[in-house]
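Colleague: One structure coming up, written as structure tokens, with questions to follow.
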């Protein structure tokens, strides 16, 4: 095998709680996350010399600043005589949206390079590479419904959430995760939360309750991108049973009772000048089983 193609699905954060500041300056979080059918596509081929990446979106870096490139570089650096590798990334997940596109691309690169070159790395080794690359990358090796803790590198798989129709709306303004976290006010000895996210995975899943548990970063991101509030209001007004910002923003998602309701909300969003992306939740078995494309 000299070539393969992989899906790199996006994720949403059903909720996100900032539970403290770490000595290294980062923040500890608890967040229930979910993979969705919206995805990038990564093609990997053994070709040429060295490592090269082509991206169809010119706003996305195609060198070491790209997490997929960095992931491939990590694995190739451990080989005595690495082959030439050419990658092509087709972007559909908006950047700077809180959807984990770059992290998912990195996980796809780890899985793809490992498979294509027959490295047969142990899952623990892949997870170690993933944690070194970024906070969400480890999650994208697993997919489905999961609880993220710490910096987001501690992943606890949860029972799959029930299927749900979603509409993700992106305002067109990317947000830097660092810039959003910088909005958090000192001191960060946070008050106890009335709802414990950790307990949710041990009772029957209620997606609306999960989303209504809230995203602590949402008001801080909204100071940088006021359209977040406007989109959330639009989604609930258009029939979403619950809506919230995902990750550190700037995308907002709505849960809908069916695809027709999501399609109607998408029309509202597009009239308002926003990018509307319809998708569904993606269970773990499908996520893992359909990662590689024929």
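Colleague: Sorted from fewest to most neighbouring beta carbons within 10 Å, what does the list 26, 287, 181, 139 look like? Could the numbers behind the result be given before it?
Modeller: On the way: 26 13, 287 20, 181 17, 139 26.
Listing 26, 287, 181, 139 from fewest to most nearby Cβ atoms yields 26, 181, 287, 139.
Colleague: Tell me the angle of helix 101-116 to the major Cα principal axis of the chain, expressed in degrees between 0 and 90 and rounded to the nearest ten.
Modeller: The answer is roughly 30 degrees.
Colleague: Taking the 0 to 90 degree range and rounding to the nearest ten, how far is the long axis of helix 259-271 tilted relative to the main principal axis of the chain, both from C-alpha atoms?
Modeller: With rounding to tens, the tilt is 90 degrees.
Colleague: Say each of residue 241 and residue 275 gets a label point 7 Å from the Cα, pointing the same way as Cα to Cβ; how far apart are those two points in nm?
Modeller: The two pseudo-label positions are separated by 2.8 nm.
Colleague: Contour minus end-to-end for residue 151 and residue 92, with contour as 0.36 nm per residue of separation and end-to-end as the Cα-Cα distance? Don't skip to the end; give the middle numbers.
Modeller: Values: separation 59, 0.36 × 59 = 21.24 nm, distance 2.57 nm.
Full extension of this stretch gives 18.7 nm more.
Colleague: I've got another one for you. So which residue, out of 75, 147, 119, gets the largest mean-square fluctuation from a GNM of the chain using Cα contacts under 10 Å as springs?
Modeller: Ranking 75, 147, 119 by mean-square fluctuation puts 119 first.
Colleague: What's the angle, to the nearest 10 degrees (0 to 90), between helix 67-77's Cα axis and the longest principal axis of the chain?
Modeller: For 67-77 against the chain, the angle is about 30 degrees.
Colleague: Oh, and also: Multiply the residue separation of residue 122 and residue 24 by 0.36 nm, subtract the distance between their alpha-carbon atoms, and state the gained length in nm to one decimal.
Modeller: So the chain would gain 32.4 nm between residue 122 and residue 24.
Colleague: Rounded to the nearest 0.05, what FRET efficiency do residue 114 and residue 257 have when you use their Cβ-Cβ distance and R0 = 41 Å?
Modeller: Between residue 114 and residue 257 the formula returns 0.55.
Colleague: Right, next: Compute the distance in nm between two label points, each set 7 Å from the Cα along the Cα-to-Cβ direction, one at residue 183 and one at residue 293.
Modeller: Each label point lies 7 Å from its Cα, and together they span 3.5 nm.
Colleague: Right, here's the next one. Can you sort 69, 256, 140 by how many other beta carbons sit within 10 Å, fewest first?
Modeller: On the way: 69 22, 256 25, 140 28.
Fewest-to-most ranking of 69, 256, 140: 69, 256, 140.
Colleague: Using alpha carbons only, how many angstrom separate the centre of segment 115-163 from the centre of segment 24-67?
Modeller: Cα centroid to Cα centroid, the span is 14 Å.
Colleague: Here is a further query. Quick one: if you take sqrt(5λ) for each eigenvalue of the C-alpha gyration tensor of the chain, what semi-axes come out, biggest first, whole angstrom? Working shown, then result.
Modeller: Working: eigenvalues 192, 92, 68 Å².
Here the semi-axes work out to 31, 21, 18 Å.
Colleague: Take 245, 87, 234 and order them by how many other Cβ atoms sit within 10 Å, fewest up front.
Modeller: 234, 87, 245
Colleague: Output the relative contact order of the chain, whole-number percent, from Cα pairs under 8 angstrom with separation of 6+ residues.
Modeller: On the way: 663 pairs, mean separation 73.3, N = 294.
Relative contact order here is 25 percent.
Colleague: Per-residue ellipticity at 222 nm for the chain, helices alone: DSSP H runs ≥ 4 residues times -39500 (n - 2.57), over residue total, nearest 500 deg cm²/dmol?
Modeller: On the way: 9 runs with 86 residues, N = 294.
So the calculated ellipticity at 222 nm is -8500 deg cm²/dmol.
Bear in mind these aren't lab numbers, they're just calculated from the coordinates by the rules spelled out. Not measured: the values here are computed from a predicted model. FYI the Cβ positions are ideal-geometry reconstructions off the backbone, even for glycines, and counts take in every protein chain you see.
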